[in-house]
Amino acid sequence: MLFAVLAAASSLSSSACRKIAEKANGSPTVANDAATVPMGASPKIPADFPTTVPIYPGAKAVFGSKSPGPGNDAWSVQLETADTTDEVLAYYKANMSDFSPKSTGMGNPSVVVYERPTLVVTLIVTRQAWAMTSIGLNANSK
C-alpha cells in the first residue's frame with residue numbers, strides 16, 4: 001500500500017496539485033488538472049488500462065490511476081497476490097510476448113521493462129514482509 005500512496009503522490013506532486021476531495025461513497029480522491037486518483041479500500045484498475053497488458057490472475061487491486069498527457073497517457077496499477085515472485089515473473093514472461101523486454105533487474109524488487117511501438121510497461125515485483133507479493137504495472141503510451 002505504501003507503493004500506492006507514493007505512486008499517487010508522485011503522479012500528483014507538482015504544484016498543479018489542486019485538491020483532495022471525498023466522493024459520496026466516502027473514498028478520498030486526489031486531483032489536479034491532469035489526473036484524478038482514487039484512494040481507499042476498494043481501488044479499481046482504470047477502465048481504459050491497456051488491454052495488451054495482462055492483469056495477474058486472482059490478484060487484488062490495491063491502487064489504480066491514469067494520468068492523461070499531451071499525446072500520451074500513463075497508467076499505474078498496484079496489485080497483490082499470495083503467489084511467489086517467481087510465479088508472477090514467469091506469468092508475465094509468458095504473457096508479454098507481444099512486447100520486447102528492454103531491461104531486467106532481478107532481486108527484491110525485480111524490475112522488467114517491456115516495450116512495443118506504442119507502449120512502454122514497467123513491471124515491478126516485490127515480495128513483502130507480510131507474505132504477499134506486490135505487482136506494480138506502470139504503462140506509458142508513446
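The values are calculated or read from the model by the stated rules, or taken from the named source; none is laboratory data. Here the structure is a predicted model, which is why all the values come from computation and not from measurement. Reconstructed Cβ throughout: ideal geometry from the backbone, glycine too, with neighbour counts over all protein chains shown.
Taking the listed residues 136, 71, 64, the one that is assigned to a loop (DSSP other than H, G, I, E, B) and within 23 Å of residue 46 (Cα to Cα) is 71, with no other qualifying.
Among the residues of segment 91-112, those identified as in contact with a Ser or Thr (Cβ under 7 Å, 6 or more places away or on another chain) and either more than 25 Å from residue 44 (Cβ to Cβ) or not in a strand (DSSP E or B) (or both) are 98, 108, 109, 110. For residue 122, which of the numbered conditions (1) of a type outside the set (D, E, K, R); (2) within 13 Å of the chain's Cα centre (by Cα); (3) buried (at least 18 other Cβ atoms within 10 Å of the Cβ) fails to hold? Among (1) of a type outside the set (D, E, K, R); (2) within 13 Å of the chain's Cα centre (by Cα); (3) buried (at least 18 other Cβ atoms within 10 Å of the Cβ), the lone unmet condition for residue 122 is (3). Against the criterion of being more than 15 Å from residue 141 (Cα to Cα) and modelled with pLDDT of 95 or more, residue 108 does not qualify.
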